[in-house]
1. Cβ contacts < 7 Å: first residue free of Cβ contacts under 8 Å to residues at least 12 places away in the same chain, restricted to the stretch 10-30; second residue aliphatic (A, V, I, L, M), any location; separation 6+ or different chain. Result?
2. Quickly run through the stretch 102-118 and pick out the residues that are in contact (Cβ under 8 Å) with a residue 40 or more places away in the chain and not in a helix (DSSP H, G or I).
3. How do the pairs read when you match residues in the stretch 52-70 that are more than 16 Å from Leu115 (Cβ to Cβ) with residues anywhere that are among the β-branched types (Val, Ile, Thr), using Cβ under 8 Å and keeping only pairs 6 or more apart or on different chains?
4. Restricting to the stretch 37-49, and then to whatever is surrounded by 12 or more Cβ atoms within 10 Å (Cβ to Cβ) and among the hydrophobic types (A, V, I, L, M, F, W, C), can you tell me which residue is modelled with the highest pLDDT?
5. Could you list, in sequence order, the residues of the stretch 18-36 that are surrounded by fewer than 16 Cβ atoms within 10 Å (Cβ to Cβ) and touching a Lys or Arg at 6+ places or on another chain (Cβ under 9 Å)?
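The values are calculated or read from the model by the stated rules, or taken from the named source; none is laboratory data. In this text the structure is predicted, and so the values were computed from the model without any measurement. Note that we place each Cβ from the backbone using ideal geometry, even for glycine, and neighbour counts take in every protein chain shown.
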Amino acid sequence: MTMTPDIFYLTLLAGLGLFLWIPHIIAIVMNHGPMSAANYRDIPEKELPDWGRRAKRVHLNFVENFAPFAALVIIAHLTKTANETTALMAMLFFWIRVAHMVVFYLGVPFLRTLLFTAGFVVTVIIFFQIVL
């Protein structure tokens with residue numbers, strides 16, 4: 001079986017998600033030293049620099065948006081409703097999420113919201129390709 005574009009971009013997104021937690025951990029270690037079993041605890045957000053707080057939010061936002069996108073891409077694949085539109089939307093979603101990540105790290109609020117909204121819209125388009 002060959003990999004469809006939808007599944008390819010889902011795979012790339014999953015790979016991206018594997019690494020998004022790392023900057024947050026770097027912020028913790030830079031500000032509080034290495035964590036050990038004896039001192040492991042949740043670091044209050046106010047104890048991290050702005051970029052460290054944004055890093056955590058980038059990861060959380062990615063996870064929250066990845067789940068419905070992934071489910072829909074898999075459903076489209078399994079039900080054979082994946083098509084040129086779902087492939088295009090999967091590609092767009094990937095690049096939108098990459099841009100969203102960069103803009104979020106940089107702390108650009110308005111553009112971040114536009115990119116988030118664009119990601120939501122392309123996910124909704126995939127949904128309608130399946131159900132209609």
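1. Between residues of the stretch 10-30 that are free of Cβ contacts under 8 Å to residues at least 12 places away in the same chain and residues that are aliphatic (A, V, I, L, M), there is no close pair.
2. Gly107
3. Gly52/Ile26; Gly52/Ile28; Ala55/Ile26; Pro68/Thr123
4. Leu48
5. Across the stretch 18-36, the qualifying residue is only Met35.
Table: residues versus (1) modelled with pLDDT of 95 or more; (2) assigned to a helix (DSSP H, G or I).
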{"position": "Trp51", "(1), (2)": "no, yes"}
{"position": "Pro68", "(1), (2)": "yes, yes"}
{"position": "Ala82", "(1), (2)": "yes, no"}
{"position": "Leu88", "(1), (2)": "yes, yes"}
{"position": "Phe94", "(1), (2)": "yes, yes"}
{"position": "His100", "(1), (2)": "yes, yes"}
{"position": "Phe120", "(1), (2)": "yes, yes"}
